[in-house]
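Asks: My structure is below; once you've seen it, I'll send some questions.
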Amino acid sequence: MRDKPRAHGTSRPTRGAGPVSAAGRVSVSGITDVLSVGSARLPQVSEIPTTTGAEPLRTRLATLRGPDAQPKPLDARALAALAANPGCRRRALLDGAGVDKSALAEALGSPSGFGQSQFAFIRGNAFEARVKGDGGAELLRLAHQKLGGPEPTPATSRVPELTAVGPEGRAARTELALGEAEAGAWTLLDHPMVALDVAGSSAFLEPDAVVVHPDGRWAVVEIKSFPMIDGSADAAKVGAAARQAAVYVLALERIAARIDPAPEVGHGILLVCPKDFSNLPTASLVDIRKQRAVTRRQLARLTRIEDIASALAPGTTFALDQPAEQLTHAVESVPATYAPECLAACELAFHCRDRAREQGAVTALGRAIRGELGELATVDAVLTAARGEAGDPDDPAVAALRRAAALRAEALASAPPAPRMEEAAVRTEEAAGVREAGAACR
Ligand code: SF4
């Protein structure tokens with residue numbers, strides 16, 4: 001069922017063959033500096049024309065990462081987390097520069113207990129291999145079950161070869177395969193590569209699979225190893241999978257926009273999980289319209305990495321081999337926006353939480369409280385405003401705090417006095433003595 005790689009310009013009828021299949025210029029055997037896909041051009045990391053002063057951004061980011069550090073590629077999970085906290089410049093820069101945040105947290109003395117366990121990783125891979133086994137027949141069967149349409153058979157199923165050199169080559173190969181998907185056939189793209197612009201830099205993402213329906217619709221497939229029991233799964237895990245899939249959908253929409261006529265990118269993703277407590281796969285269609293809208297808005301709000309990098313002192317680096325004090329100073333020089341949600345989404349959470357608490361930042365108490373307090377960013381500022389020692393009385397947050405402080409004082413004044421510590425201790429001793437005497441009599 002797996003298709004052999006086909007030469008470009010084949011006479012086989014293809015869907016949306018216009019700009020993509022007409023390309024014939026896509027280099028998949030070697031990376032070229034400019035990838036042309038028909039009339040469209042796929043943005044390349046090497047093409048990012050941004051600079052910070054006289055220094056190209058790529059060089060600046062390499063300096064930030066450290067001379068010997070390999071860049072850590074951004075994945076959809078990281079992008080979804082980034083989109084969940086778009087105000088955090090620290091994370092945007094570290095992710096954009098490809099810094100290994102786990103290693104950085106360890107070097108800062110606040111290691112995170114973050115990430116997937118080795119056991120879960122192996123289990124997930126084994127399950128995915130099972131779902132995609134037999135040339136993807138099982139996965140296409142599940143797709144047919146949830147998306148409808150003609151039943152997939154070996155004659156009407158395609159699994160194009162997507163192998164290419166480097167992420168740019170794989171992304172170009174994926175785009176070509178999507179454009180060449182045959183009308184009337186099921187096409188399964190196993191581990192395609194898609195690109196997305198994030199804060200002025202390109203991120204390459206790898207969904208588990210993308211299915212092209214015979215009617216031309218594209219559907220993202222997420223394969224997870226958490227169980228689906230009686231047709232429903234852990235809401236938090238499904239939500240995380242939906243946010244991750246939303247990033248893939250946004251990247252696919254970019255590709256679809258370059259094809260004429262533009263195919264529909266489904267807003268329902270196919271979530272495949274083990275059924276009940278078995279290892280048998282089952283699928284569910286998850287609507288990700290909300291997550292897609294939120295992620296699109298949040299990613300658009302990210303400050304450009306170039307602007308964040310240019311605000312740093314020359315020579316700033318996050319290289320792990322420098323003294324801890326220097327490294328801490330470098331990290332602290334990039335503003336962060338800590339929130340308790342970071343604990344479940346970012347490797348630097350313990351470090352940032354400690355700093356937020358040291359500074360008395362109200363963000364450490366949660367975004368809802370931070371939002372209520374307006375201009376008052378620290379616990380000290382809140383207390384002085386409540387006591388009437390500072391703050392604008394016309395500010396609704398200050399007025400509400402003073403009212404709350406007055407109510408508290410009023411309640412305390414009318415309450416019976418609490419026993420003093422010494423009196424309470426004496427009473428406790430007396431009660432213990434009575435109990436002991438009683439026990440002796442018995
Ligand atoms: S833990 Fe720190 S670096 Fe990570 S997102 Fe939160 S504030 Fe930003």
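Read-outs: derived from the displayed coordinates by stated rules, not from any lab. Since the structure is predicted, the reported quantities are computational estimates derived from the model, not experimental observations. All Cβ positions, even for glycine, are placed from backbone atoms using ideal geometry, and neighbour counts span all protein chains on display.
Asks: When only Cα pairs under 8 Å and 6 or more residues apart are kept, what is the percent relative contact order across segment 367-414?
Replies: 28
Asks: Output the direction-averaged projected area (hull surface divided by four) of the convex hull of the alpha-carbon atoms of segment 367-414, in nm².
Replies: Across all orientations, segment 367-414 yields a mean hull projection of 3.4 nm².
Asks: What is the ratio of the Cα radius of gyration of segment 265-349 to 2.2 N^0.38 Å, with N the residue count, to two decimals?
Replies: Expressed relative to 2.2 N^0.38 Å, the Cα Rg reads 1.71.
Asks: Continuing with this model, one more query. Out of residues 5 or more away from His191 or on other chains, whose amide H comes under 5 Å of its own, with H placed 1.01 Å from N in the peptide plane?
Replies: Under 5 Å from the amide H of His191: Ala209, Val210.
Asks: Kindly give Rg over Rh for segment 109-200, based on alpha-carbon atoms, with the Kirkwood expression for the hydrodynamic radius.
Replies: Here the Rg-to-Rh quotient is 1.08.
Asks: Here is a further query. Could you compute the net charge surrounding Ala386? Neighbours are other residues with a C-beta less than 15 Å from the C-beta of Ala386; K and R count +1, D and E count -1.
Replies: -3
Asks: Could I ask something else about it? With a ≥ b ≥ c the root eigenvalues of the C-alpha gyration tensor of segment 252-307, is it rounded (a/c under 1.5), prolate (a/b larger than b/c) or oblate?
Replies: Here segment 252-307 falls in the oblate category.
Asks: Return the ratio Rg/(2.2 N^0.38 Å) for segment 317-424, where Rg is computed over Cα atoms only.
Replies: Taking N as the residue count of segment 317-424, the ratio is 1.49.
Asks: Quick one: Kirkwood hydrodynamic radius for segment 133-174, alpha-carbon pairs, angstrom, one decimal?
Replies: 11.9
Asks: To continue, here is another question. Please compute, for the alpha-carbon atoms of segment 181-337, the extent along each of the three principal axes and give them in descending order in Å.
Replies: Computed over segment 181-337, the largest-to-smallest principal extents equal 57, 44, 27 Å.
Asks: Under a cut-off of 27 Å between alpha-carbon atoms, report the lysines in cross-link reach of Lys290, not counting same-chain residues fewer than 8 places apart.
Replies: Reachable lysines: Lys146, Lys224, Lys237, Lys275.
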